[in-house]
Structure formats: C-alpha cells, structure tokens
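> Okay, here's the structure, questions in a sec.
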Amino acid sequence: MADTVLYEVNDGLATITLNRPEAMNAVNNEAKAALRDAVQAAAADAQVRAVLLTAAGDRAFCVGQDLKEHVGLLAAGRERRDGDDGAARTNVMSTVREHYNPIVRALAGMQKPVVAGVNGVAAGAGFGFALAADYRVVAETASFTTAFAGVALTADSGLSWTLPRVVGPGRAADLLLFPRSITAQEAYELGIASRLVPTGELAAEALKVARALAEGPTLAYAAIKESLAFAAGHRLDETLEKEDELQSRAGASEDHAIAVEAFLSRKKPTFLGR
C-alpha cells in the first residue's frame, strides 16, 4: 500500500488508516487507489474478521476529493481537448467508477463488519466512506457534511443510497441540497453516529469496538449485513425467505454450536469465525 493509506492486520483485525493529515486526509488519486486496494484486500482475506477504517491526525477523518488535484486535472484535461470542457469533466469524474464505487462496494458488501473511527471532519466522499461502514464511533468534536452541491456536484461514494436509509429520504434531500456542518451530537441523534466518545478516547474506543467484532461470530455478522442490505430493497415475504436462508446457514456454523455449548455451561464463548 502507498504511504497515503496504511494497512495492517493483527489477530483478525485489519486496520486501514487514511494518512494525509496535512491535507485533512483529502483523497488524491494515489490515496483513492490505495484505499480501494486496502479495502478489497481486507474483504478477500479469510484471516480478517473485522475492519477498522480510521484516519491520521486530529482535524479530519476525510474531507473527500483533493480539490487542488481535481482543479489541476480539469485544467490539464481542457488543454488536451482543445477546450472541450464536457469531455474533460467526464474524464476526470471517471474516478467515481474507478475508485469511489469499488471502495464503497467493498466496505458495505464485505462478509465481515466494518467500523469507522471518525476523529474529525467527514465531508463529501469522506462522509460516504463513514456511512458505508456498519458502525461509526465518532469523536465529540467531529462533524459531517455532504459538501457536493457546494461545488456543483451530485452525491457519490454511495451517499444517495446510504444517507436516506439512515436519516430518511426527506432529511437526506435537505442535507444534500443545502450542505451544512452536522455536529457530532446531531449526527448521533440522526443515527449517523453509532457511538459518541470524548475526542481523546476516540482511537482507543474505536479499536475496542473493532476488536470485539473481530473476536465475534463472523458468519453471523456477515448474515446480519446481508439481511439488512437485502431487506432495504425487497418486500416482507422475500425478506422472510432470505432470513430463513441465512438463519439456516448461521445455525450450521461452528460458532453457533460453540455459543450454545457455552450458554449451557455458563461460560463465555470463544468464537472461531466459522
């Protein structure tokens, strides 16, 4: 992985750290490619049972696209195309397809839980990455903003799918049409933040939550993720069928047998993740 994104696996937990604190962890092309590769590696690694997505520094989780690089790419594209601005914009915005979409698919779709440790500002794509996680531990001084309309863009990084499912379609439209800073407390009240912690305790608490998930029943967590995603776009009868399918799968796991035996023995289960 590039230095712009750090990747480490320890005892079943993959920690992915956005590492451009001097740029408020804005993602340039190098960082986007590295983040994509990191989340896809974590998703594919059978030894990884949970993922912690976090960021270096204390100012920002991720403020989204590196606009300095973006402006330069737009200008270069215009020069190459003899002033064909539309073609230039189309080329530059291919980053959505090449980077943002694979990142969000891997975060939301991997068969293991993802925790986002949000230490500061999460804006634009940074907000999208945080919402693609299953659980968000948020510092009390953090904030969120959609940002896109402020630079004449629409939502990407999955926000048009995740945001209305968290805050409701009406509130999502408000936040996207009129971008503003959402405090950590308001984010908690809206359901964006899963847990609020003092800023100085963010790193330890996020690690604690992620570590607990890495030691849990991985197949059950995967089934929970799959059932929630399925239910978001299907009728009740279809969802009940999916629950039956997933429960049969979970019930056949070693971890379920371990949990039942531990319950009967009044002991704490030690899950194997299978």
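Each reported figure results from applying straightforward, stated rules to the coordinates on display, with no laboratory input. Predicted model, so just to flag it, every value in this text is computed and none were measured. Using ideal geometry, Cβ is built from the backbone for each residue, glycine included, and neighbour counts are taken over all protein chains shown.
> List, in order, the whole-Hz ³J(HN,Hα) value for each residue of the stretch 176-188 obtained from phi through the Karplus relation with A = 6.51, B = -1.76, C = 1.60 and θ = phi - 60°; use x for Gly and Pro.
7, 6, 10, x, 8, 7, 9, 5, 4, 5, 5, 4, 5
> Among the DSSP beta bridges whose two residues both lie in the chain, what percent are antiparallel, rounded to the nearest 5?
25 percent
> Still on this structure, please answer the following. Using only Cα atoms and rounding to the nearest 10 degrees, what angle (0 to 90) does helix 67-80 make with the longest principal axis of the chain?
50 degrees
> A further question follows. Report the extension gain between E245 and R274 in nm, rounded to one decimal, defined as 0.36 nm multiplied by the number of residues separating them, less their alpha carbon distance.
Gain on extension, E245 to R274, equals 8.8 nm.
> Which value in nm describes the separation of the simple spin-label points at Q47 and T183, placed 7 Å from the Cα toward the beta carbon?
4.5 nm
> Further question: Between A60 and residues 5 or more places away or on another chain, which pairs have amide H atoms under 5 Å apart, with H built 1.01 Å from N, and which residues are they?
V121
> Here's something else I'd like to know. Amide H to amide H, which residues 5 or more places from Q65 or on other chains are under 5 Å from it, using H placed in the peptide plane?
V27, A125, G126
> Step through the residues of the stretch 143-154 one at a time and calculate ³J(HN,Hα) from phi using the Karplus curve (6.51 cos²θ - 1.76 cosθ + 1.60, θ = phi - 60°), rounding each to whole Hz and writing x for Gly and Pro.
8, 10, 8, 6, 6, 4, 4, x, 10, 6, 10, 9
> Whole-Hz Karplus ³J(HN,Hα) for the stretch 104-110, in order, using 6.51 cos²θ - 1.76 cosθ + 1.60 and θ = phi - 60°, x for Gly and Pro?
Karplus values, whole Hz, x for Gly and Pro: 5, 4, 5, 5, 6, x, 5.
> Taking amide H positions as placed 1.01 Å from N in the peptide plane, with prolines and chain starts having none, which residues 5 or more places from G273, or on another chain, fall under 5 Å of its amide H?
Here the answer is T218, since their amide H atoms fall under 5 Å of that of G273.
> Would the stretch 218-265 count as rounded, prolate or oblate if I go by the C-alpha gyration tensor, calling it rounded below 1.5 in a/c and otherwise prolate when a/b exceeds b/c, oblate otherwise?
In terms of gyration-tensor shape, prolate.
> Determine the gain in length on full extension of the stretch D237-V9; use 0.36 nm per residue of separation and subtract their C-alpha separation, reporting nm with one decimal. Before the final figure, lay out each step's value.
Values: separation 228, 0.36 × 228 = 82.08 nm, distance 3.97 nm.
Extra length from D237 to V9 when fully extended: 78.1 nm.
> Highest GNM mean-square fluctuation, the chain, Cα pairs closer than 10 Å: which of V167, V63, V51?
V167
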